[in-house]
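All of the numbers you see were taken from the coordinates with simple rules; none came from a lab. Just so you know, these numbers come straight off a predicted model, no measurement behind them. For neighbour counting, all protein chains shown are included, and Cβ atoms are generated from backbone atoms with ideal geometry for every residue, glycine included.
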Amino acid sequence: MLEFLFKNNHIITHGLQFIAAVIGVFHIKKYKNTSATFFISILVYLFFIDVLAMYTYYCNSFSFLSFIAGTKFEANYWWYTLFFDFIAVLLFAVFYHKILIKKEHKRYVKYLSITYIIAFIVVVLNDFENLFIGTYSQIYIIEAIFILLCTTLYFIEILQSEKVLMFSKSLYFYVSITIFLWWLIVTPVVFFDKYYITEDIYFKQLKRSIYIFANIFMYSVFSIGLIVSKPEN
């Protein structure tokens, strides 16, 4: 089974992303005038980011991408760092700024966002060459803390309101619990990534397995949440 998942990793992940995005677009009328429409736009964004990141596999196959071969941009580390670790994380911050009710919590998200932007810039500039050859474990840890704090603020609000009685019909709950668990699972793997040896095939398989199952879980729950949830003002 793992061999099948490893071999078809991109097809499975992109397929689930596409399904979640299509379900979101299909239900966009249901969520009209709610913050759920912004979340649907995030799903579409994530799908295109992952698909376009595949350019690295085709730069030697298609002539119009040949100029990338042999350059710093041949690997897609920079792509994910900028478009996922930076832009996507901030998009989720905007999403939580929209759905949180208390002004105090909204301010927390705003200040956390500013802090994250500054931290991101400092980390990247401090080791700019790594942008093209690897990942930043510091950024992963900071963004994990950032996302966990945003979701925690949401959980606090629903526990303090009557929304807790209707959480099974709330898209925002499905989104929050899913990304909370996803970042909680994936972050330790990224943190220990720099300690493993390239020849350690067992760690490599473990890492790939965790990512695959985490993505399957995340996009499956997103799809289910979009279908069963009711719009919230």
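Give the cross-link partners of Lys103 among the lysines, using a straight C-alpha distance below 29 Å as the criterion and excluding same-chain residues fewer than 8 apart.
The reachable lysines, counting only those whose Cα sits under 29 Å from Lys103, are Lys29, Lys30, Lys32, Lys163, Lys169, Lys230.
Which helices, taking whole DSSP H runs in the chain, have alpha carbons extending 18 angstrom or more along the helix axis plus mean Kyte-Doolittle at least 0.5?
Once both thresholds are applied, what remains is 9-26, 36-52, 103-126, 137-159, 171-193, 201-228.
Within the chain, what's the longest stretch lacking GluC sites (Glu not before Pro) that sit in DSSP loops with no more than 15 other Cβ atoms inside 10 Å? Walk me through the intermediate numbers first.
Values: sites that count: Glu129, Glu199.
Here the longest run is 1-128.
Which log10 I(q)/I(0) values does the range 108-204 give at q = 0.16 Å⁻¹ under the Debye formula, counting every alpha carbon as one identical point scatterer?
Values returned for q = 0.16 Å⁻¹ are -0.81.
Counting other C-beta atoms within 10 Å, and keeping those with at most 10, which DSSP coil trypsin sites (Lys or Arg not before Pro) do you find in the range 4-55?
Working: sites: Lys7, Lys29, Lys30, Lys32; in loops: Lys29, Lys30, Lys32.
Hits after loop and neighbour filter: Lys29, Lys32.
If I model a spin label at Trp78 and Ile145 as a point 7 Å from the Cα along the Cα→Cβ vector, what separation in nanometres do I get?
Result: 2.8 nm between the two label points.
Once the piece of chain linking Ile117 and Lys204 is laid out straight, how much longer is it, given 0.36 nm per residue of separation minus the C-alpha distance between them?
On the way: separation 87, 0.36 × 87 = 31.32 nm, distance 3.05 nm.
Gain on stretching Ile117 to Lys204: 28.3 nm.
Ranked from highest to lowest mean number of other Cβ atoms within 10 Å per residue, what is the order of the peptides 83-91, 175-183?
Values: 83-91: 17.1, 175-183: 20.1.
Packing order, densest peptide first, comes out as 175-183, 83-91.
Find how many whole Å separate the alpha carbon centroid of the range 208-226 from the alpha carbon centroid of the range 95-129.
Taking the Cα centre of each part, the range 95-129 and the range 208-226 sit 25 Å apart.
Please state the Cα pair-distance histogram of the range 89-163 with 5 angstrom bins from zero: what percent is in each bin?
Each 5 Å bin holds this share of Cα pairs: 3, 15, 25, 19, 14, 10, 7, 4, 2, 1.
How would you rank 219-226, 207-214, highest first, on the average number of other Cβ atoms within 10 Å across their residues? Please list the in-between numbers first.
Values: 219-226: 21.2, 207-214: 16.0.
Per-residue Cβ counts within 10 Å, averaged per peptide and sorted highest first, yield 219-226, 207-214.
Tell me the label only: which of (i) 14.9; (ii) 12.8; (iii) 14.2 is mean projected area of the Cα convex hull in nm² as calculated from this structure?
Computed from the coordinates, mean projected area of the Cα convex hull in nm² corresponds to (iii).
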